[in-house]
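Got a structure for you, written out below as structure tokens; questions coming shortly.
The values are calculated or read from the model by the stated rules, or taken from the named source; none is laboratory data. Just so it is clear, the structure is predicted and the values come from calculations on it, not from any experiment. With ideal geometry, Cβ positions are generated from the backbone for all residues, glycine too; neighbour counts draw on all protein chains shown. Remember, those area values only see protein heavy atoms, side chains included, never the ligands or the DNA or RNA. Shrake-Rupley method; radii C 1.70, N 1.55, O 1.52, S 1.80 Å.
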Amino acid sequence: MTVLKCLWRVLDFCRRLVLNLIFLGVLVAAALIWLFARPNTPAVEPGTLLVLDLDGAVVESDPDLKSLMKSRGASTRLIDVTEALRFAGSDERIAGVIIKVDGLTKLGLASARTIGSAIEDYKTASGKPVFSWASGYTQAQYAAAAHADVV
């Protein structure tokens with residue numbers, strides 16, 4: 001009977017050893033993937049102009065799958081625009097902002113006011129210029145661009 005107990009202990013030890021080695025291998029592989037697969041962020045030189053390309057409709061949140069399949073168009077999240085302006089205002093490497101509104105197709109009045117307020121906050125906090133560019137302005141595009149220093 002003791003021989004069977006010893007054999008069982010050896011088998012149990014081998015099973016645990018193999019499973020622990022597999023688990024350790026998975027952890028090491030995940031750590032290596034995380035370490036080497038991080039995206040390379042481009043270097044931002046001092047004096048860089050941040051380009052905000054407003055494309056499609058300005059939306060307050062991510063569209064759901066149904067609306068994406070219906071519209072098939074691009075969209076710009078409002079929070080992305082306001083956060084980009086807020087971060088650019090505190091980044092000393094950013095010399096100014098260019099807002100491109102050529103691709104802007106739909107913009108509500110409340111979203112236009114929020115973007116305008118974010119532009120004004122950016123200019124007040126940083127003292128840096130804001131430029132707006134488009135080959136021609138629709139009413140929605142001009143509502144987004146009107147707060148810029150140069151249109």
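Put +1 on the Cβ of each Lys and Arg and -1 on the Cβ of each Asp and Glu in the stretch 9-151; which of Ala146, Thr41, Gly103 then has its Cα farthest toward the positive end of the dipole?
Result: Thr41, furthest along the dipole toward the positive end.
Would you mind classifying the stretch 1-124 by shape? Square roots of the alpha carbon gyration tensor eigenvalues, ordered a ≥ b ≥ c; an a/c under 1.5 is rounded, otherwise it is prolate if a/b is larger than b/c and oblate if not.
prolate
Relative contact order for the chain using alpha-carbon pairs under 8 Å, separation at least 6, rounded to a whole percent?
Here the relative contact order equals 23 percent.
Still on this structure, please answer the following. Which is the longest run of the chain containing none of the trypsin sites (Lys or Arg not before Pro) found in DSSP loop states (not H, G, I, E, B) with at most 14 other C-beta atoms within 10 Å?
1-71
Give the accessible area for Asp121 in Å² (nearest 10); use a 1.4 Å probe, count only protein heavy atoms, and leave out ligands, DNA and RNA.
Spelled out: Asp121, probe radius 1.4 Å, area about 100 Å².
Can you give me the accessible area per residue for the chain, using a 1.4 Å probe, in Å²?
71 Å²
Accessible area of the stretch 7-151 with a 1.4 Å probe: how many percent of it is carbon plus sulfur?
63 percent
Separate question: Give, rounded to the nearest 20 debye, the magnitude of the charge dipole that the chain has about its Cα centre when Lys and Arg contribute +1 at Cβ and Asp and Glu contribute -1 at Cβ.
With Lys and Arg at +1 and Asp and Glu at -1, about 940 debye.
Further question: Hey, what angle do you get for helix 2-36 against the long axis of the chain, alpha-carbon based, 0 to 90 degrees rounded to 10?
20 degrees
Quick check: the angle from helix 78-90's long axis to the longest principal axis of the chain, C-alpha only, nearest 10 degrees?
That works out to roughly 90 degrees.
Could you let me know the centre-to-centre spacing of the stretch 84-132 and the stretch 1-42, using Cα atoms, in angstrom?
51 Å
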